[in-house]
Amino acid sequence: GSEEVVVDYANDLNSKRFGSGFEHDPESSWNLNKLHTQPRSLLKEIQCDIQGVTHPWTYLGSLFTSFCWHTEDHFLYSINYMHKGHGKTWYGIPSTSAEQFEKAMKGFMPERFKKSPDLLYQLVSLLSPSFCLEQGVEVFHTVQKEGEFIVTFPNAYHGGFSHGLNCAEAVNFATPEWLAFG
């Protein structure tokens, strides 16, 4: 028989409520809590708290925790910083391949899309990067390590999984270049 495996993942934790790894160096230019206030930020005039935009989300991963294929809300950029722990595999699909990726997803699971046309916005589906490549989708791969940043671009699908326990923070942002997508 097969054994059931449960994998725990604490994602989208409110860093304002539970704390941020950047609190030890509040003046750092890389402090994700201050990214929206930078001079080129299109979000610098926001006067209210928006979790994930004015303050980062915190993520506590464990072995095999995954984040399903998705783009960011409003096709914003995102930046993810790995504070501590084991690596995280990332797969990225550039915006130039977004339509081909969506076509591949719909072709792979047509019945699911008939039941849920907004399936890609539910963050519940993983499709093998190898299958995507076979369908002509451009796919990039990297492993994020402790102390490294990952930036995702507008309308760029991304997904991946953790190699063990880790802690990261991520926030969305928008520069003038984002206007073509937003």
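The values are calculated or read from the model by the stated rules, or taken from the named source; none is laboratory data. Just so we're clear, the structure is a prediction, and the values are computed from it rather than from any experiment. Cβ: placed from backbone, ideal geometry, glycine included. Neighbour counts: every protein chain shown. Areas reflect the complete protein model, heavy atoms only, side chains present, ligands, DNA and RNA absent. Shrake-Rupley method; radii C 1.70, N 1.55, O 1.52, S 1.80 Å.
Structure values in brief
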read-out	value
Candidate set from the range 57-82 (those that are crowded, with 16+ Cβ neighbours inside 10 Å and more than 12 Å from the chain's Cα centre (by Cα)); member that is nearest to Val143 (Cα to Cα)	Met82
Residue match in the range 117-124 (condition: on the phi < 0 side of the Ramachandran plot, modelled with pLDDT under 95 and open to solvent by less than 10 Å² (accessible area, probe 1.4 Å))	yes
The lone exception for Glu169 - which of (1) of a type in the set (D, E, K, R); (2) in a strand (DSSP E or B); (3) without any contact (Cβ under 8 Å) to a residue 60 or more places away in the chain it fails	(3)
Index of the failed condition, Ile46 passing every other in (1) farther than 20 Å from Phe67 by Cα; (2) surrounded by 15 or more Cβ atoms within 10 Å (Cβ to Cβ)	(2)
Which listed residue, of Val137, Val143, is of a type in the set (Val, Ile, Thr), modelled with pLDDT of 95 or more and under 28 Å from Ser41 (Cα atoms)	Val143
Residue ID - surrounded by the most Cβ atoms within 10 Å (Cβ to Cβ), chosen from residues in the range 20-32 that are modelled with pLDDT of 85 or more and out of contact with any His (no Cβ under 6 Å at 6 or more places or on another chain)	Leu32
Some residue of the range 94-103 being aromatic (Phe, Trp, Tyr) and surrounded by fewer than 18 Cβ atoms within 10 Å (Cβ to Cβ)	no
Residues being in a loop (DSSP other than H, G, I, E, B) and either over 24 Å from Asp8 (Cβ atoms) or touching a residue at least 12 places away in the same chain (Cβ under 8 Å) (or both) - total across the range 125-161	16
